[in-house]
1. Pick from A162, A122: which is assigned to a helix (DSSP H, G or I) and surrounded by 12 or more Cβ atoms within 10 Å (Cβ to Cβ)?
2. Can Y51 be described as farther than 25 Å from W510 by Cα and under 23 Å from the mean Cα position of the chain (by Cα)?
3. Quick one: is D448 at pLDDT 95 or above and among the acidic types (D, E)?
4. Going through region 166-181 one residue at a time, which ones are of a type outside the set (D, E, K, R) and either touching a residue at least 12 places away in the same chain (Cβ under 8 Å) or within 13 Å of L106 (Cβ to Cβ) (or both)?
5. Go through region 326-361 and count every residue that is in contact with a Ser or Thr (Cβ under 9 Å, 6 or more places away or on another chain) and either modelled with pLDDT under 95 or within 16 Å of the ligand (Cβ to nearest atom) (or both).
6. State whether one or more residues within region 170-178 are over 31 Å from the mean Cα position of the chain (by Cα) and assigned to a loop (DSSP other than H, G, I, E, B).
7. Report yes if D36 is in a loop (DSSP other than H, G, I, E, B), outside the structural domain of T462 (by TED's automatic domain parsing) and surrounded by fewer than 18 Cβ atoms within 10 Å (Cβ to Cβ), otherwise no.
8. Might you let me know whether region 422-436 holds any residue that is within 28 Å of S15 (Cα to Cα) and assigned to a loop (DSSP other than H, G, I, E, B)?
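The values are calculated or read from the model by the stated rules, or taken from the named source; none is laboratory data. Given the structure is predicted, the values throughout are model-derived calculations rather than measurements. Ideal geometry is used to build each Cβ from the backbone, glycine not excepted, and the neighbour counts take in all protein chains shown.
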Amino acid sequence: MDAIETSFKDIISHSKEYGFIYPGSEIYDGLGAVYDYGPLGVELKNRIKQYWYGWMTRMNDNIVGIDTAIFMHPEVWKASGHVDAFNDPLIDNKDSKKRYRADVLLEDQIEKHLEKANKEVAKAAKRFGESFDEALYRETNPRVKGYLDKAENLRRKFAAAAEANDMAALKDLIIEEEIACPVSGSRNWTDVRQFNLMFSTQMGSVAEGASTLYLRPETAQGIFVNFLNVSKSNRMKIPFGIAQIGKAFRNEIVARQFIFRMREFEQMEMQFFVRPGEELEWYEWWKNRRMKWHQSLGLGDENYRFHDHDKLAHYANAAADIEFKFPFGFKELEGIHSRTDFDLRRHEEFSGKKMQYFDPETQEKYIPYVVETSIGLDRMFLAILSNALREEKLEDGSERTHLKLPYFLSPVQVSILPLIKKDGLPELANSIRRQLAGDFAVQYDEKDSVGRRYRRQDAIGTPFCITVDHQSLEDNTVTIRDRNTAEQIRISIDEIATYIEPKLNMSTAWRSIES
Ligand code: ATP
C-alpha cells in the first residue's frame, strides 16, 4: 500500500466531515480559537484520556488521581506567580493590524536559519553521494556555517532578552533580523508589550460585593493546594504523584493552527513529589518515561524530540519539552518541569498553612520538591489525528482514506455490516451488535454497497468490520476484516469477542513501556 501525504487543510476538513471537531459556535460564525468535539471526537478524546490516566494511576502504584475545581481562591494565582508573571510579549504590525507573539516571531526566525543550513547540507549530500561527511561539511562549508552562526547568535541574544524580560531588546531583534509581517509584508511594528493571559470573571450575585476570580490557566495549582489532603487521606509516601485531567483557559494572543493553540483547552498533568535534592534525578527519569509512553503509541519514534529550555520559568530549575512533528513542523506537545519547592513554599507563605511532609524514613520534615509532566490533551489529539490520516492506494488499484489510529484508540472498534438489507441478514447482524455492544464500541451500518461501507469505516479508523452474509445464516460464521491489512478471515460468531479483544486493549501497549 502506498501512502500519499495529506495536508493540514485535509485534516481540518476531515475532522469536521466525520464529526471529530467542529468550530465553536459555528452558526454565529465561530468564536476565536474555541472548538467543539463531535460524536467521534469525544470518543477518541476519552480514549486518549484513558490511555494517559490509566497508565499514570494503574501502571504506577504511587500515583493517584484527583479532580479539582476550575474556580480557585484568587490568592492561589498570586502565590503561584501567575498574576505577576503569566505574560506573553505581544507586538502588532501597524499596517495589517495583526497581532503576534514577539517570542514566536524570533523562534520561527531561528528555525528559518537552521532550515537554510539543512537545505544546503541536503543538496551537498546528494552531490557527493556515499563519500559525504556531514559533520565535516557543517563545520567547514562557509555558507552552512554562516546560517548556523546566525541561528546561534540570534538564539543567544533572544535567550538573554527573554531572561531579562527586556521588551525593547526583543523589538530590536525583530528589527535587526528584518522580520516582516506575513500578512502585510511590512516591518512597521509597534513596541513589544507584556500581556497577561489569564481570563477573569466575577463571583457573587451583585457586582459591588463580587470578587474577581480567574479561570485557571493550568490544572497544577489544584494539585498543589490539595497536597496535604491527598497525602493524609490516602497515606501517600514520598515519592508519589497526583494526576489530573481538566480544563484550562488562556487568553492566547495569537490562537491559530486549529486545536494546537486554543483559548479553552484540556491538560493532563501529573505532579510528582520527591525529597529535596533528588528532583533532578527524578526529572531525568520522568523525561525518559514520558518519551517511552509516547513511543508506545506507535506514531513513529522519529516524530518526537526533546527540546531543553534556554529560558526557565520562574518556578523551575530544569525544563524540557517533548516536541512532536505536527503538519506545521516540530512543536511542543508536552512539558517536563522540575518545579523545585516553589509552589508549595509560596502556598505556605500566602495561606499561612504548613505545606510540609514528615518523612518516616529520614524522620525529617520538609517541603517536597516537584517534578511535573504536563501535556495538552487537544494537542495530543491533533498529534494522533494528523499522524493517522492518509490517502492510500490499495493493491487492486483503488484508493482509500485511511485513518490509521492505534487500534486501542479508535472511536468505533467494530462495525457490523449485513451484506444486503433482506433475507434475515439485518436481524442476525443486529443480534451480533447487541452481543458485542456491552464490551466494545460498535456501529451498525446497512446503507450502500459493502465496499463503500468499508471505505467509510476506514476513514474513521474502525479496526474491524464484520460482514454478515448468507453463509452466516447456515453455519454461524462471519467474515472479519482487519483495517490495516484489508485482509479478511472467516470466524464463528462465538469467537468474535475473543479474537478482537486482545487487539483492542491498552495494556499490551502499556506493558511495552515497562520493558
Ligand atoms: P506554548 O509554549 O506552546 O504556549 P506552554 O509552554 O505555555 O506552551 P505549558 O504551560 O507548559 O505550555 O502547558 C503544558 C501543555 O499544555 C503544553 O505542552 C501544551 O500541550 C498544552 N497547552 C498549553 N497552552 C495550550 C493552548 N493554548 N492550547 C492547547 N494546548 C495548550
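1. A162
2. no
3. no
4. M167, A168, A169, L170, L173, I174, I175, I179, C181, listed by residue number.
5. Residues flagged as in contact with a Ser or Thr (Cβ under 9 Å, 6 or more places away or on another chain) and either modelled with pLDDT under 95 or within 16 Å of the ligand (Cβ to nearest atom) (or both) within region 326-361 amount to 8.
6. So far as region 170-178 goes, yes, one or more of its residues are over 31 Å from the mean Cα position of the chain (by Cα) and assigned to a loop (DSSP other than H, G, I, E, B).
7. Here the answer is no, as D36 does not meet what is asked.
8. For region 422-436, residues within 28 Å of S15 (Cα to Cα) and assigned to a loop (DSSP other than H, G, I, E, B): absent.
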